[in-house]
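K.L.:
Have a look at this one before I ask anything.
Just so it is clear, none of the values below were taken in a lab; they were calculated from the coordinates. Every value quoted in this text rests on a predicted model; they were computed, and no experiment measured them. Neighbour counts are summed over all protein chains in view; Cβ atoms, including those assigned to glycine, are modelled from backbone coordinates with ideal geometry.
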Amino acid sequence: MRGKLVVGNWKMNGGLAANAALLSALKAGWQPAAGREIAVCVPYPYLPQAQAALAGTAIGWGAQDVSEHDAGAYTGEVSAAMLRDFGCRYAIVGHSERRQFFGDTDGVVAAKAAAALAAGLVPIACVGETLAEREAGTTDAVVVRQLDAVLTRLGPDVARIVVAYEPVWAIGTGRTASPEQAQAVHAMLRARLEKAGASGVPLLYGGSVKADNAVALFAMVDIDGGLIGGASLKAAEFLAIARA
Ligand code: PGA
């Protein structure tokens, strides 16, 4: 059975004091249960803080990106092995903000997923269409192209990743995909993964998930949890989503 997973993506937010409060509220409020997991993906400098706060708890932590390279002259980059040194379980790859603002192509995203896996991390590979692509009727083609780049690169190892469907038009906009819209894309991605022998891959939905829409979204048969941006910065809201 696929487990349930809710991951917070803090993006470029936080500070030592605010993080300490947020992490201790998550620790105090999260009731671990079999087959249900939560994690936070924090900015790189705060990984030691997340590790110190969360080690030995049921809450995982990770990074929001990772280099496709192992080591060397890549100024500003952070390798998957470095993330492992700080106890990371996850690394998000291919978030639409990385694709949009930092030029991460499908090939780069696939290489990052491979680097993460090779170091023992679980990549959370994001796919999703823009509003223009949805309106042009190309949603399926876009997300399949993005997923296939990862499938081709990883081969059978794809069974060890997490996939997040995040329609770009729903990220940070307050505009969520309806449960039916999300489910339709998830069903298509699920079929693709099954064909690749990876039916156990958790499929998360992301894009303006809040406590008040999480129940309906997570009730969909192919939605195994969420990747949560803005709402992951408030402990009560994030925990309410996780309980959904
Ligand atoms: P949001 O972001 O929940 O703020 O829409 C989700 C994401 O970008 O992962």
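K.L.:
Using Cα pairs closer than 8 Å and at least 6 residues apart in sequence, work out the relative contact order for the chain, in percent.
P.N.:
21
K.L.:
Turning to a different aspect of this structure: So for each of 214-227, 21-34 I average, over its residues, the number of other beta carbons within 10 Å; can you give me the resulting order with the highest mean first?
P.N.:
With the highest mean Cβ count within 10 Å placed first, the list reads 214-227, 21-34.
K.L.:
Which listed residue (126, 24, 113) has the Cα farthest towards the positive end of the charge dipole for the stretch 1-133, taking +1 on Lys and Arg C-beta and -1 on Asp and Glu C-beta about the Cα centre?
P.N.:
24
K.L.:
Could you list 186, 69 in order of exposure, starting from the residue whose Cβ has the fewest other Cβ atoms within 10 Å?
P.N.:
If I rank by nearby Cβ atoms, fewest first, I get 69, 186.
K.L.:
Restricted to Cα positions, what overall size does the chain have along the principal axes? Three whole-Å values, descending.
P.N.:
Ordered largest first, the chain gives principal extents of 46, 45, 33 Å.
K.L.:
Please arrange 79, 199 by counting, for each residue, the other beta carbons lying within 10 Å of its beta carbon, fewest first.
P.N.:
199, 79
K.L.:
Tell me which lysines have Cα within less than 24 Å of residue 11's Cα, excluding those fewer than 8 residues away on the same chain?
P.N.:
List returned: 27, 112, 210, 234.
K.L.:
If packing is taken as the mean number of other Cβ atoms within 10 Å per residue, what is the order of 43-54, 231-242, highest first?
P.N.:
Top to bottom by mean Cβ count within 10 Å: 231-242, 43-54.
K.L.:
I'd like the trypsin sites (Lys or Arg not before Pro) in the stretch 145-218 restricted to DSSP loop residues with at most 13 other Cβ atoms within 10 Å, sorted by number.
P.N.:
175
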